[in-house]
Amino acid sequence: MAIKGVAASREDWREYVAVCSRIIDAASSGHDRRVLCSTLAHRADARARLGDAACWLADCDAALAAEPAHPGALLSKGALLSGLGRYAAADEARELAEQCRRLEAQARSGAVDLSEWVLAGFAGKFPDLAEYVGSVEAVAIGRGVIPDAADSDEKMFVWKDFVDKVLEAAEKCPKSAALIYTLSTGEERQDEFVVPDMAIFKNETEGDSLSDGTSAARAMGTQEAVHVDRILKVLDVNCLTEDAPAADVLGNNGVVNCGVGLWVLPSFINHSCHPNARRTHIGDHAIVHASRDIKAGEEITFPYFDVLVPVSKRREASRAWGFECKCDRCRFEAEDSILRQEILKSENDLASGGDIGAVVVWLEEKTRKSMVKERQKAFLRASFWSTYSALYDSDKLMRKWATYGKLVKRHAMRDLFRLTLDATNKINI
Ligand SMILES: C[S@@+](CC[C@H](N)C(=O)[O-])C[C@H]1O[C@@H](n2cnc3c(N)ncnc32)[C@H](O)[C@@H]1O
């Protein structure tokens, strides 16, 4: 829509404004906020060129009313304010535009830079992130975690003589014991789970009365003898190992210093093979951060094990954890009998040394012809991700399967990316 590389006359810009106005009308009645905002920002620029400051400002404000962080509208408004000599307000608009761009790039790449905060010893304000930084709520969906408005203050125990430390902490501190007893031993039935009162995760609740869900656990915590067997089972189910690069980096003399710890609140987070969060360990901190947009009320899940493998391997891994994964991806891949056979055929072809290019092309043809939804195709490609990657990494194979190569790569990359998007996310990649 932009007039590029042409010396546009005032008449051209007027025409441009008229075109924008028609698009704006259509977008307003169609409730297409994205198109509405960007067209308002374009029309604002056109009006700037026509020297119509009042309408320019009106368009910027209308775009910002619909989307307060629209970078185009913020930049345009910054230019207008600067032209009017309102330099401080102009700087504010430009800085906000810059911050929005940075956060959007961060959200897309998933690259979170916490280095300054870490080097400052975790002091001060948590770094500005595109992702949700806030509290969560444990809920009764077989117990899991969703984003919430209440604050929480996490308790944790971390590595080195780990089990002894946890037992010692439980003996010395009834509240620590009570926190540990809120966690699953892996032996409960789903309907036996009690949803803990989030107040138990806050430090200042010492001495407060807790609601029914946690008072029982707390009462157990005030008993003199700790339930060693129970705590060991809790540790077995809930411990997290630090497999982040930091574990390697911080190891001494080349010894990998892989940590293990118990972070009570993250322990309520269930596994999914289509996760929406991941965790990073820095020092004693376990940071759970979103890997795609998470709606309020949507369950937070992270992968307990590698999910870029076929369903049979994932099933082995979840059984090793002591549960049968019931996530939507596993249900899809395990329940359709025809699909199951096709997955098995691909696995067998690979196991018997079949040409990985042929397997990828076969899978692509199957998914192309099948009636499965795009999201489910993404699930399948993710299951054979190492096969797809091996194909792309081999020049020889790429040449051999050149007709399919590019097409397959584009589809697979896009779908893998889509795997990290919400099912209803309309973002076009
Ligand atoms: C660390 S706990 C997670 C929180 C647990 N739901 C709770 O309420 O304490 C791990 C246990 O949660 C259950 N779980 C986690 N993810 C699951 C999934 N995708 N499917 C079925 N059960 C799951 C299993 O019982 C597993 O042993």
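The values are calculated or read from the model by the stated rules, or taken from the named source; none is laboratory data. Note that the coordinates shown come from a computational prediction; the quantities given were computed from them, not determined experimentally. Here the Cβ is made from the backbone with ideal geometry for all residues, glycine too, and neighbour counts use every protein chain on show.
If you take the residues in the stretch 305-351 that are within 13 Å of the ligand (Cβ to nearest atom) and of a type in the set (Lys, Arg), which one is farthest from His281 (Cα to Cα)?
Arg331
More than 16 Å from the ligand (Cβ to nearest atom), in the same structural domain as Glu168 (by TED's automatic domain parsing), under 18 Å from the mean Cα position of the chain (by Cα) and at pLDDT below 85, is that true of Arg292?
yes
If you scan the stretch 319-357, which residues turn out to be of a type in the set (Gly, Ala, Ser) and at pLDDT 85 or above?
Ala320, Gly322
Just name the residue that is farthest from Ile338 (Cα to Cα) out of those in the stretch 348-387 that are of a type in the set (Gly, Ala, Ser) and not in a helix (DSSP H, G or I).
Going through the qualifying residues, I end up with Gly353.
To keep it simple, each residue is scored yes or no on (1) under 23 Å from the mean Cα position of the chain (by Cα); (2) under 30 Å from Ile282 (Cβ atoms); (3) of a type in the set (Lys, Arg).
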{"residue": "Ala41", "(1), (2), (3)": "no, no, no"}
{"residue": "Ala66", "(1), (2), (3)": "no, no, no"}
{"residue": "His70", "(1), (2), (3)": "yes, no, no"}
{"residue": "Lys77", "(1), (2), (3)": "no, no, yes"}
{"residue": "Gly85", "(1), (2), (3)": "no, no, no"}
{"residue": "Gln106", "(1), (2), (3)": "yes, yes, no"}
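Condition check: surrounded by 18 or more Cβ atoms within 10 Å (Cβ to Cβ), farther than 17 Å from Ser386 by Cβ, among the aromatic types (Phe, Trp, Tyr) and more than 13 Å from the ligand (Cβ to nearest atom). Does Phe302 satisfy that?
It is false that Phe302 is surrounded by 18 or more Cβ atoms within 10 Å (Cβ to Cβ), farther than 17 Å from Ser386 by Cβ, among the aromatic types (Phe, Trp, Tyr) and more than 13 Å from the ligand (Cβ to nearest atom).
Counting only residues that are assigned by TED's automatic domain parsing to the domain that holds Glu168, modelled with pLDDT under 85 and more than 16 Å from the ligand (Cβ to nearest atom), give me the helices (runs of 4 or more DSSP H) lying completely in the stretch 209-287 with at least 1 of them.
Passing ranges, in order: 212-221, 245-249.
Only residues that are at pLDDT 70 or above and not in a helix (DSSP H, G or I): list them for the stretch 190-208, please.
Of everything in the stretch 190-208, those that are at pLDDT 70 or above and not in a helix (DSSP H, G or I) turn out to be Phe193, Val194, Val195, Pro196, Asp197.
What are the residues in the stretch 334-347 that are part of a helix (DSSP H, G or I) and surrounded by 14 or more Cβ atoms within 10 Å (Cβ to Cβ), if any?
Result: Ala334, Leu339, Arg340, Glu342, Ile343, Lys345, Ser346, Glu347.
One line per residue, one yes/no per condition, for (1) surrounded by 19 or more Cβ atoms within 10 Å (Cβ to Cβ); (2) part of a loop (DSSP other than H, G, I, E, B); (3) acidic (Asp, Glu):
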| site | (1), (2), (3) |
| --- | --- |
| His289 | no, no, no |
| Asp293 | no, yes, yes |
| Glu298 | no, yes, yes |
| Asp306 | no, yes, yes |
| Arg314 | yes, no, no |
| Arg319 | no, no, no |
| Phe323 | no, yes, no |
| Lys326 | no, yes, no |
| Arg331 | no, no, no |
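Right, Gln99: away from the ligand (no atom under 16 Å from the Cβ) and at pLDDT 75 or above or not?
Answer is yes for this residue.
Being touching a residue at least 24 places away in the same chain (Cβ under 8 Å) and touching a Lys or Arg at 6+ places or on another chain (Cβ under 6 Å): is that true of Glu342 here?
yes
Can you list the helices (runs of 4 or more DSSP H) found entirely within the stretch 26-100 that contain at least 2 residues being touching a residue at least 40 places away in the same chain (Cβ under 8 Å)?
33-49
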